[in-house]
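Here is the structure we will look at.
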Amino acid sequence: MKWLNVYGLPRLPLWLAKWAMKLGLPGPTWYKWKAASSGTGVILDEMIRAADDLGYDGQKIGKLAMSRIGEKQGSDLREQLGVTTMKDTVDVVMLANRFFDIEITLTEQDDGTYTINADRCPWFGGMGKEGVPGWDAKPCSAFSTYEKAMVEAINPNVKLSYTEKRTSGGHTCRGVYQYRDEALGDGPQGGVRPEMVQIGKKPFRTEAEKALSKNGKTGSKAD
């Protein structure tokens, strides 16, 4: 079978692509979500390369952008769906991974932590897959930053750390979810960010009041 191979997009049977183009069809649903996922990854990759070409630290810029996205999405999930526990957090990140066509196996450990293993990742390749051209440690690290930011936004007391990564020579990508403070757990303090102190505007003062303050007087004018 002949395939349509386009940079940054999943393969599609050539006959199906020609047929959809001829009839003006939008294409199969399964292809659309895979294409959207692949396109997002390619944009991240090219954004990092473009920043490097312009003399900036592309990896740092990619991490900052993905961190902001993860934090905003995590906050929305926490506030609108009541997602607060460690298990909730793990489930949400696994869902996010599926949007990027990454298949994950979840294991609950005896000590209450959770371990995830990437069984299939089309981005870096391996496991019988070629991966996205040019995709290496830089975009992969930026995507990991996205996951960590999402976790912290959902429950600041939960920490995601990676014990093995394929971009650094590992056979799989393995993440471990654990509490920063075991005693805190999923309690209110662990699941809710502290409110930022709101500082109001300075009170308006007349020129006479400013002059009095400058002279060291805090009360009314002297008799």
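The values are calculated or read from the model by the stated rules, or taken from the named source; none is laboratory data. These numbers come from a predicted model, not from an experiment. Neighbour counts are summed over all protein chains in view; Cβ atoms, including those assigned to glycine, are modelled from backbone coordinates with ideal geometry. These accessible areas exclude ligands, DNA and RNA; they are computed on the full protein's heavy atoms, side chains included. Shrake-Rupley method; radii C 1.70, N 1.55, O 1.52, S 1.80 Å.
Descriptive notes on the structure:
- Sequence-ordered 3J(HN,Hα) estimates for segment 56-61 from the Karplus curve with 6.51, -1.76 and 1.60 and θ = phi - 60° stand at 9, 8, x, 5, 5, 5 Hz, glycine and proline given as x.
- Packing order of peptides 177-183, 17-23, 140-146, 112-118, highest average first: 140-146, 112-118, 177-183, 17-23 (average count of other Cβ atoms within 10 Å over each peptide's residues).
- Segment 166-181 - phi-based ³J(HN,Hα) in whole Hz, Karplus 6.51/-1.76/1.60, Gly and Pro as x: 5, 5, 10, x, x, 8, 8, 10, 10, x, 10, 9, 8, 7, 5, 10
- Sorting M47, M150 by accessible area puts them as M47, M150; the probe is 1.4 Å, largest comes first, and only protein heavy atoms count.
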